[in-house]
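Since the structure comes first, as structure tokens, the remarks are kept for the end.
The values are calculated or read from the model by the stated rules, or taken from the named source; none is laboratory data. Note that the coordinates shown come from a computational prediction; the quantities given were computed from them, not determined experimentally. Ideal geometry is used to build each Cβ from the backbone, glycine not excepted, and the neighbour counts take in all protein chains shown.
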Amino acid sequence: MNDLLVVRAIFVAVLAVCAYFLKPFNLQNWVAGVIGLVLGVAIVLFEIRLKEVSLKRLIGAAFGSVLGILGAYLMSLVIGSAMPNNPSTVPFLQLLILLMMTYVGLVVGANKGDMLNLAALGGLFGAEKTSTQQLKILDTSVIIDGRIADVAETGFLDGVLVIPQFVLRELQLVADSPDALKRNRGRRGLDILQTIQKMPTLNVRLVEEDFPHIREVDMKLIELGKLFQGKIVTNDFNLNKVAQLHGVEVLNINELANALRPIVLPGEFMRVFIQREGKEHGQGVAYLDDGTMVVVDNARRLINKTIDISVTSVLQTTAGKMIFGKFDDKLHSVHDQKSAAQDRGAGAAREPQVQS
């Protein structure tokens, strides 16, 4: 970003100096210099505005610029023949056209060239289509969540991970929040980003594309997904639905976690640790290692104990999966007898060692 500011400043300064010494239209030196400065600033603002244009429009603008260069060449011939006795104005106008086309082509090409979908050019560069489709744009919520780092480390995420500048700004605002909980969440997100950037197998790219006319970060992510033809990685349920309505593909970490949970069928047996009482009378609640809630009938009196249950039903909700089970007295008593027998066997094995 700093390098781009330097290039912009040099361009404006060169244009102003050229106008000052060449004195187009026989103007005074300082007046010509001011006009050159204003023109340089106007061209820079035009270039900044071009960064918000979609890639498809940029492709059209590229062909248009080629035609513009040809037109500018013809116009320069006309200007040279119409103003033969004005050696200061004609070179300035020619230099203005040259600088403007060179500067705009350089900056726009540098910012958009690596994201350009060359497959749109009649399929001649179909190999580039895959890399464009592999762009994955990270949302603020999925960065703070932290599981994205574990998923990326396993190698299941390919392509390029895109971190928008406006998402990074939102993380910084959360990390600087006066609220301790929000501050810790923001700092956790920044730590996750550092962890992801250090992974040698990942290609992480920080992009500066922004949409100043859009205030909501979620809508900016959707527009960025349209611009880059990429997928949004999130765990936000609302963003997931809105993005799908706009035709943007979404990778939801929560859906991935639900898909990886073990399949439990009614009638199977499982061993759980009852942590607290349930909402209904006589119910106990346990949790599996992946966070799945298990509601057990007749287990309220067995809180803080490990018991064996039989699964009665499995309920899939938008928030995740819930398992319902029933405490089996006979199976649990057998489990207790086995544990007691193992304890007696261990004591008998230790007793001869003490007598000897």
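Observations on the model:
- Test: residue in the range 101-123 that is more than 22 Å from Leu256 (Cβ to Cβ), of a type in the set (Asp, Glu) and at pLDDT 60 or above: no
- Scanning the range 231-245 for residues that are more than 11 Å from the chain's Cα centre (by Cα) and either polar (S, T, N, Q) or in a helix (DSSP H, G or I) (or both) yields Asn235, Phe237, Asn238, Leu239, Asn240, Lys241, Val242, Ala243, Gln244, Leu245.
- Scanning the range 283-306 for residues that are among the charged types (D, E, K, R) and under 33 Å from the mean Cα position of the chain (by Cα) returns Asp289, Asp290.
- Test: Phe25 is modelled with pLDDT under 85, of a type in the set (Phe, Trp, Tyr) and over 30 Å from Lys226 (Cα atoms): yes
- Residue count for the range 176-201, restricted to those that are crowded, with 18+ Cβ neighbours inside 10 Å and either within 22 Å of Gly159 (Cα to Cα) or touching a Gly at 6+ places or on another chain (Cβ under 9 Å) (or both): 4
- Where a residue in the range 245-265 is at positive phi and without any contact (Cβ under 8 Å) to a residue 40 or more places away in the chain and its partner, wherever it lies, is part of a helix (DSSP H, G or I) and surrounded by fewer than 17 Cβ atoms within 10 Å (Cβ to Cβ), with Cβ under 8 Å and at least six apart: Gly247/Lys226
- Residue in the range 246-253 that is part of a helix (DSSP H, G or I), surrounded by 18 or more Cβ atoms within 10 Å (Cβ to Cβ) and not β-branched (Val, Ile, Thr) present: no
- Criterion (in a loop (DSSP other than H, G, I, E, B) and modelled with pLDDT of 70 or more) met by exactly one of Asp289, Asp308: Asp289
- Note on the range 220-241: residues that are touching a residue at least 12 places away in the same chain (Cβ under 8 Å) and either of a type in the set (Phe, Trp, Tyr) or surrounded by fewer than 17 Cβ atoms within 10 Å (Cβ to Cβ) (or both) amount to 4.
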